[in-house]
Amino acid sequence: MEEGDPSPNFGLTQPHGRGFRQSGSLPPATTIRKVPRPFIADSFVRTRLRTSFAGHLKSCRNIYVIVSTPPILSPVSPAEYLAKEAIATEKSELVDGQVLAMGGGSPRHGHISGQAYSLGHAILRPRGCYAFNSDVKVKTPRGNFFYPDATYACKPEFEDDCLVNPLAVVEVLSPSTENYDRTTKFDAYAEIPSLREIIFVETTMPRVQVYRRDADGWRVMVYHAGQIASIESVELELSLDDLYQGSDSLPG
């Protein structure tokens with residue numbers, strides 16, 4: 001039976017809308033149970049089950065269940081990733097040799113990301129520094145590639161059109177990707193020698209966390225509505241009221 005399905009039909013389809021026959025033989029329906037997508041593979045092991053279903057199926061013999069092994073994916077090299085990304089219609093990131101497709105963000109997420117870029121650009125560009133939007137990739141020393149929602153840099157350096165020396169990156173959090181941003185991405189970003197700050201911007205409330213690297217590691221400063229977030233690495237002061245302006249009326 002499918003996981004979470006309360007009906008004890010053991011994955012069997014009732015033929016023509018009728019109940020199961022009272023004999024010991026199986027009804028003329030499929031006896032192969034569907035396996036969730038993460039376990040789809042070429043090889044499988046057949047497991048024989050024996051059970052009973054009182055009042056409907058007295059004995060059920062020779063039911064086979066596919067137990068599949070996860071596919072083994074060959075790692076993708078940075079060169080392969082960059083070649084495919086150059087002609088791709090949708091963006092993806094490379095993490096430890098695995099390509100992860102990026103889904104589209106909500107209107108609120110897109111608006112806040114745009115604000116993080118435009119507010120930074122207006123202040124940093126006259127000083128000779130840069131704010132980049134989410135179209136610019138960041139490359140880590142281990143050959144991982146990410147698209148931060150916004151990136152701040154002075155005297156930027158690039159390899160294969162990828163920024164390699166950011167000073168600060170901004171990730172606007174979404175419920176579906178927050179854990180990925182706070183763990184996998186954070187650890188990868190932390191490997192970049194030039195990086196001084198990792199900024200997490202929440203979408204469900206006006207709240208910004210600035211993780212700042214110092215001699216003892218990373219410490220975090222938390223800012224709320226009405227406050228100004230200090231991005232010390234590029235001497236940028238971000239007003240949360242400006243950052244979140246207009247976001248309340250947007251879905252997401």
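So which residues in the range 117-164 are surrounded by fewer than 17 Cβ atoms within 10 Å (Cβ to Cβ) and either polar (S, T, N, Q) or farther than 24 Å from Leu100 by Cα (or both), if there are any at all?
Listed by number, the residues that qualify are Ser118, Ala122, Arg125, Pro126, Arg127, Gly128, Cys154, Lys155, Glu157.
Against the condition closer than 18 Å to Ser118 by Cβ and among the acidic types (Asp, Glu), how does Glu202 come out, does it pass? Before you say what the answer is, go through the steps one by one.
Numbers: closer than 18 Å to Ser118 by Cβ: no; among the acidic types (Asp, Glu): yes.
Judged against the criteria, Glu202 is not a match.
Across the range 182-198, what is the total count of residues that are among the polar types (S, T, N, Q) and either surrounded by fewer than 16 Cβ atoms within 10 Å (Cβ to Cβ) or within 17 Å of Arg219 (Cα to Cα) (or both)? Can you show your working first?
Step one: list which residues in the range 182-198 are among the polar types (S, T, N, Q), which gives 183-184, 194.
Subset that is either surrounded by fewer than 16 Cβ atoms within 10 Å (Cβ to Cβ) or within 17 Å of Arg219 (Cα to Cα) (or both): 183, 194.
Count: 2.
For Val222, state whether it is of a type in the set (A, V, I, L, M, F, W, C), touching a Leu at 6+ places or on another chain (Cβ under 8 Å) and more than 11 Å from Leu119 (Cβ to Cβ).
Details: of a type in the set (A, V, I, L, M, F, W, C): yes; touching a Leu at 6+ places or on another chain (Cβ under 8 Å): no; more than 11 Å from Leu119 (Cβ to Cβ): yes.
Considered against the rule, which asks whether it is of a type in the set (A, V, I, L, M, F, W, C), touching a Leu at 6+ places or on another chain (Cβ under 8 Å) and more than 11 Å from Leu119 (Cβ to Cβ), Val222 comes out as no.
Does the range 174-185 include one or more residues that are small (Gly, Ala, Ser) and more than 23 Å from the chain's Cα centre (by Cα)? Spell out the reasoning first.
Of all residues in the range 174-185, those small (Gly, Ala, Ser) come to 174, 176.
When the remaining residues are screened for being more than 23 Å from the chain's Cα centre (by Cα), the result is none.
Within the range 174-185, none of the residues are small (Gly, Ala, Ser) and more than 23 Å from the chain's Cα centre (by Cα).
Tell me which residues, restricted to the range 144-169, are more than 18 Å from the chain's Cα centre (by Cα) and within 15 Å of Pro78 (Cβ to Cβ). I'd like the intermediate steps shown before the answer.
Our first condition is that a residue be more than 18 Å from the chain's Cα centre (by Cα); within the range 144-169, this holds for 151-168.
Phe158, Glu159, Asp160, Asp161, Cys162, Leu163, Val164 - these are the residues of the range 144-169 that are more than 18 Å from the chain's Cα centre (by Cα) and within 15 Å of Pro78 (Cβ to Cβ).
Quick one: would you say Arg125 is of a type outside the set (Asp, Glu), free of Cβ contacts under 8 Å to residues at least 12 places away in the same chain and out of contact with any helix residue (DSSP H, G or I) (no Cβ under 6 Å at 6 or more places or on another chain)? Lay out the reasoning, then the answer.
Details: of a type outside the set (Asp, Glu): yes; free of Cβ contacts under 8 Å to residues at least 12 places away in the same chain: yes; out of contact with any helix residue (DSSP H, G or I) (no Cβ under 6 Å at 6 or more places or on another chain): yes.
Yes: the conditions hold for Arg125.
Considering each of Cys154, Cys162 in turn, give the residue that is within 22 Å of Ser230 (Cα to Cα) and touching a residue at least 24 places away in the same chain (Cβ under 8 Å). Break it down stepwise before answering.
Details: Cys162 fails: within 22 Å of Ser230 (Cα to Cα).
Exactly one of Cys154, Cys162 is within 22 Å of Ser230 (Cα to Cα) and touching a residue at least 24 places away in the same chain (Cβ under 8 Å), namely Cys154.
Every number in this text was worked out from the coordinates using simple rules, so none of it is lab data. What you are looking at is a predicted structure, and each value in this text was computed from that prediction instead of being measured. Methodologically, a virtual Cβ is constructed for each residue, glycine included, from the backbone with ideal geometry; neighbour enumeration extends over all protein chains shown.
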